[in-house]
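The values are calculated or read from the model by the stated rules, or taken from the named source; none is laboratory data. Everything numeric in this text was worked out from a predicted model, so none of it was measured. A quick note on method: Cβ atoms are made from the backbone with ideal geometry, for glycine too, and the neighbour counts reach across all protein chains shown.
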Amino acid sequence: MSPATPTARCNANLKRRGSVNRFVIHGQKHHPRCLGRHHALARKTPPPSWSDSDDFVASFDIRCSCGNAELEVVGIPDDELGLYSPITTRCPSCRNEELLFDVTKHGHDVEIGAGSSYAARDGETHALGCKSCGNTTHSVLPWFTYQFESDDLADVPSTEVANYFDVFGIDLVCRKCGTVNHVGSYECA
């Protein structure tokens, strides 16, 4: 029996195939809108901080719109999260600053109209330094998880599925010493 609506028919193709989560495949092909002002390239491997399987995580390499891959990640310092949202990237070459993630604007709960479980916070923003050498320029690797059953997003247009991630996180690879810095993860569902 085929799904009743065009949206359901499109999303019927987003089911788990083998060990690969079809939501992840779709998320990497049509990246979440929060990456829209960056050049985003889907990674074929899980984020460096992950030791688990990658069957529900979509990971990206991002660059500035000018093409520079060395970026600073800027936000409000937080002991638990690393940086509190909103989180931006700043390009040392062209000085362009773009929003990367905001808990009040991105993710599953915001998309369904439930809002974020995080409260907005004000504070002085800083570029995050490498935990080993203090350098502030990194390769930025944002990642998103899609831990859903195949019918969970049946009413969501397939062009919007990538925006319904349930966790957002960032790994940074220091451009000076190569250390992997895990910034934090933000539950969005």
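Values for this structure:
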read-out	value
Among the residues listed as Thr136, Thr179, the single one being among the β-branched types (Val, Ile, Thr), modelled with pLDDT of 95 or more and surrounded by 18 or more Cβ atoms within 10 Å (Cβ to Cβ)	Thr136
Every residue from region 61-108 that is without any contact (Cβ under 8 Å) to a residue 24 or more places away in the chain and over 18 Å from Phe168 (Cβ atoms)	Asp79, Arg95, Glu97
Complete set of residues in region 53-74 that are under 15 Å from Leu100 (Cα atoms) and acidic (Asp, Glu)	Asp61, Glu70, Glu72
Of residues in region 145-176 being in contact with a strand residue (DSSP E or B) (Cβ under 9 Å, 6 or more places away or on another chain) and more than 21 Å from Glu72 (Cβ to Cβ), the one modelled with the lowest pLDDT	Gln147
Tally of residues being in a strand (DSSP E or B) and within 10 Å of the chain's Cα centre (by Cα) across region 135-169	8
Qualifying residues in region 50-69 (those that are crowded, with 17+ Cβ neighbours inside 10 Å and not hydrophobic (A, V, I, L, M, F, W, C)) - the one nearest to Asn21 (Cα to Cα)	Asp54
Scan of region 157-176 for residues that are under 18 Å from Gly36 (Cβ atoms) and either surrounded by 16 or more Cβ atoms within 10 Å (Cβ to Cβ) or out of contact with any Ser or Thr (no Cβ under 9 Å at 6 or more places or on another chain) (or both), ordered by number	Ser158, Thr159, Glu160, Val161, Ala162, Asn163, Tyr164, Phe165, Phe168, Ile170
In region 63-116, the residues that are basic (Lys, Arg), farther than 30 Å from Leu153 by Cα and assigned to a strand (DSSP E or B)	Arg90
Within region 170-189, tally of residues that are assigned to a strand (DSSP E or B) and charged (D, E, K, R)	2
